[in-house]
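What follows is one structure encoded as structure tokens, with my remarks underneath.
The values are calculated or read from the model by the stated rules, or taken from the named source; none is laboratory data. Values in this document were obtained by computation on a predicted structure and should not be read as measured data. Positions of Cβ are generated from backbone atoms using ideal geometry, with glycine treated the same way; all protein chains shown enter the neighbour counts.
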Amino acid sequence: MKVTTFIADDEPVARAGLRGMLRAFEWVEVVGEAGDGESAVQGIRALEPELVFLDVQMPGVLGTDVFRRIEHRPFVMFTTAYSEHAVTAFELGAVDYLLKPFGPARLAAAMERVRSSIGEPASADAVERLSGALAGGPITRLFVRVGSAIVPLAVERVSWFEADGDYVIAHAGASRHMLHLALSRLEQRLDAQKFTRVHRAHIVNLDHVRAFRPDDRGGLEAELVDGTRVPVSRARAQELRSAGR
């Protein structure tokens, strides 16, 4: 699963250059482009990309106004030659702000922010600044390390999450992936209809739960379809028992 991406810039050379640099990121797929503000609004509405590179100064409609006019909330990376637009960009919930001209190194740093925003927030401040961009709904994928690579992991494949200090371990089949965020932060970004916190240290995917069964201590455990048993807190066990009456 790749992150669908849209490029809006009135300079064809700039669009081509950015498109070329984005080829270095295997987890990105450019699905559309626009050369003016009105076309950008229409293209973004039609394609609903997850990431948008948005030039601030475009004919017809400014990039900041394009952002205000789109209904869904993608991750947005503003690009411009004018640094005074940076404050507005961040107030709107932009992931980052690229000051033209920028090269592969600066883009790589910005894309690290995108990756972190989707799966591995580096700090509470980053999460707060992205609150507007995340308002569109729960996350559908995480980004995890596999060897030296960063790869997307569909959230639906994760059977349960386990807190490990300041980190979270995502269990997906036989694989375990460490995420650089707190369990409470992750919980806020998951689909509450599918994922439930059963313990201060555990969140389970209800699609992977076979049953809630009594344990040897009179409590409850979540039995997953792969046979794993995840402890359920006493308070949560009482809620589950009450709901089942």
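Kindly indicate whether any position in the stretch 36-51 is part of a helix (DSSP H, G or I), over 18 Å from residue 10 (Cα atoms) and modelled with pLDDT under 90. No, the stretch 36-51 contains no residue that is part of a helix (DSSP H, G or I), over 18 Å from residue 10 (Cα atoms) and modelled with pLDDT under 90.
Residue check: residue 237 meets all listed conditions (1) outside any strand (DSSP E or B); (2) in contact with a Ser or Thr (Cβ under 9 Å, 6 or more places away or on another chain); (3) not aromatic (Phe, Trp, Tyr) but one, namely (2).
Would you mind stating whether residue 168 is surrounded by 12 or more Cβ atoms within 10 Å (Cβ to Cβ), in a strand (DSSP E or B) and touching a helix residue (DSSP H, G or I) at 6+ places or on another chain (Cβ under 7 Å)?
In short, yes.
State whether the residues of the stretch 175-189 include one that is touching a residue at least 24 places away in the same chain (Cβ under 8 Å), basic (Lys, Arg) and surrounded by 12 or more Cβ atoms within 10 Å (Cβ to Cβ). Yes, the conditions are met somewhere in the stretch 175-189. Note on the stretch 199-225: residues that are at pLDDT below 95, among the charged types (D, E, K, R), farther than 16 Å from residue 163 by Cβ and not in a strand (DSSP E or B) amount to 3. Residues of the stretch 200-244 being buried (at least 16 other Cβ atoms within 10 Å of the Cβ) and of a type in the set (Lys, Arg), which ones? Hit for the stretch 200-244 is 236, nothing else. Within the stretch 12-31, does at least one residue satisfy the condition of being in contact with a Gly (Cβ under 9 Å, 6 or more places away or on another chain), at pLDDT 90 or above and loosely packed, with under 15 Cβ neighbours inside 10 Å? Scanning the stretch 12-31, I find at least one residue that is in contact with a Gly (Cβ under 9 Å, 6 or more places away or on another chain), at pLDDT 90 or above and loosely packed, with under 15 Cβ neighbours inside 10 Å, so the answer is yes.
Condition first: part of a helix (DSSP H, G or I) and either within 23 Å of residue 109 (Cβ to Cβ) or touching a residue at least 24 places away in the same chain (Cβ under 8 Å) (or both). Now tell me which residues in the stretch 10-35 satisfy that.
If the condition is that a residue be part of a helix (DSSP H, G or I) and either within 23 Å of residue 109 (Cβ to Cβ) or touching a residue at least 24 places away in the same chain (Cβ under 8 Å) (or both), then 13, 14, 15, 16, 17, 18, 19, 20, 21, 22 are the ones that fit.
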